[in-house]
Each structure stands twice: as C-alpha cells, then as structure tokens.
1. Report relative contact order for the chain in percent, whole number only (criteria: Cα-Cα under 8 Å, sequence separation at least 6).
2. Take the chain, connect every pair of alpha-carbon atoms lying under 10 Å apart with a spring to form a Gaussian network, then pick out the residue of Asp47, Asp24, Asp57 with the largest mean-square fluctuation.
3. Using Cα springs under 10 Å in a Gaussian network model of the chain, which residue among Leu39, Leu60, Leu52 shows the largest mean-square fluctuation?
4. Rounded to the nearest 20 debye, what is the charge dipole size of the chain about its Cα centre when +1 sits on each Lys and Arg Cβ and -1 on each Asp and Glu Cβ?
5. Taking only the alpha-carbon atoms of the chain, what semi-axes of the equivalent ellipsoid follow from 5 times the gyration tensor eigenvalues under a square root, in whole Å, largest first?
Amino acid sequence: MRRSEFLRAVHDEFGGRATSLLHDLVLSAVGGRTAAQALDAGVPPRDIWLALCVDVDVPLERRHGVGRLEPRGH
C-alpha cells in the first residue's frame with residue numbers, strides 16, 4: 001500500500017472524521033504514535049492502515065484492497 005492509497009482509504013472509510021483520526025488517535029501497534037506521526041517516521045502505510053482498522057473496529061471485509069484507484073479504461 002502506498003501513502004496515497006493509505007490516505008485515500010482513510011478518507012473513503014472515515015469521511016469527515018479522517019483528519020481527526022490521522023492526527024489525534026494514538027495507535028499502540030505503531031509505537032504509540034498517531035497515524036500521521038507513524039507515516040512521518042517511515043512506518044509502512046499498510047501497517048498503519050491495519051492498526052487503525054483494529055483500533056476503530058473496521059470490519060474485515062473493508063480492510064483489504066482499499067485505497068486503489070479503479071483501472072482506467074482504454
């Protein structure tokens with residue numbers, strides 16, 4: 001998962017709460033950092049996404065394959 005895919009997934013899943021969750025929620029699974037701090041520290045975006053999903057109870061079916069853009073048509 002790339003950083004851009006991570007950010008897209010967070011905004012798609014959490015809408016108006018995305019910014020607050022990125023900057024305010026401390027995730028123990030990524031060293032007691034917020035998602036934004038973890039990104040800045042070089043933690044892989046996929047690890048941050050999964051930690052965020054666990055902490056806010058995102059259903060399993062919405063955790064994988066998110067954040068990707070649909071392929072462009074020819």
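1. 36 percent
2. Judging by the Gaussian network model, the answer is Asp57.
3. Maximum fluctuation in the GNM of the chain, among the listed residues, is at Leu60.
4. Approximately 260 debye in magnitude.
5. With the √(5λ) rule applied to the chain, the semi-axes are 21, 13, 11 Å.
Each reported figure results from applying straightforward, stated rules to the coordinates on display, with no laboratory input. Everything numeric here is computed off the predicted structure, so don't read it as measured data. When we count neighbours, we look across all protein chains shown, and the Cβ atoms used for this are built from the backbone with ideal geometry, even at glycine.
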